[in-house]
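Report on one structure; see the data block that follows.
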Amino acid sequence: MTNQTRTAVRLLVFVVVGGASGLGLHNVLSDNAEVRGQAEVLVCGKPGCDANKVREERTPFAQSFEFQESRQSRRTLQIRCARAYVLLGAYSCENRTPAP
């Protein structure tokens, strides 16, 4: 492998790793109001409802929420939202609550 090829491969690896790191940071640190709204729609059928959020977890690959069904109930709903592709794409949410 020539020096020029080796340099090109190193540059490509640097760009790919740097880009993936930047996308991961964006997924964790950016405003997630829209994603939280999608999760709330699954809980109560409309965004901005009075669902009591018990837990929120954000990773570069997904966001997880746990909502208390009602103020009097102990039952919680587990919602997981993930991007269409590993670090890119629109978020879609699904209810991951185990059946009672």
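One table, with the values for the structure above:
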item: Leading residue by the ranking (farthest from the chain's Cα centre (by Cα)) among those in segment 78-91 that are part of a strand (DSSP E or B) and under 10 Å from PHE61 (Cβ atoms); result: ARG83
item: Yes/no for VAL54 being within 28 Å of GLN78 (Cβ to Cβ), in contact with a Ser or Thr (Cβ under 8 Å, 6 or more places away or on another chain), touching a residue at least 24 places away in the same chain (Cβ under 8 Å) and aliphatic (A, V, I, L, M); result: no
item: Cross-chain or 6+ apart pairs with Cβ under 7 Å, segment 85-100 first and closer than 22 Å to HIS26 by Cβ, then polar (S, T, N, Q) and exposed (fewer than 12 other Cβ atoms within 10 Å of the Cβ); result: none
item: Some residue of segment 62-75 being at negative phi, at pLDDT 90 or above and exposed (fewer than 15 other Cβ atoms within 10 Å of the Cβ); result: no
item: Selection count where residues are more than 16 Å from TYR91 (Cβ to Cβ) and assigned to a loop (DSSP other than H, G, I, E, B), scope segment 22-77; result: 13
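The values are calculated or read from the model by the stated rules, or taken from the named source; none is laboratory data. This one's a predicted model, so the numbers in the text were calculated from it and none came from an experiment. Please note: Cβ atoms are built from the backbone with ideal geometry, for glycine as well, and neighbour counts cover all protein chains shown.
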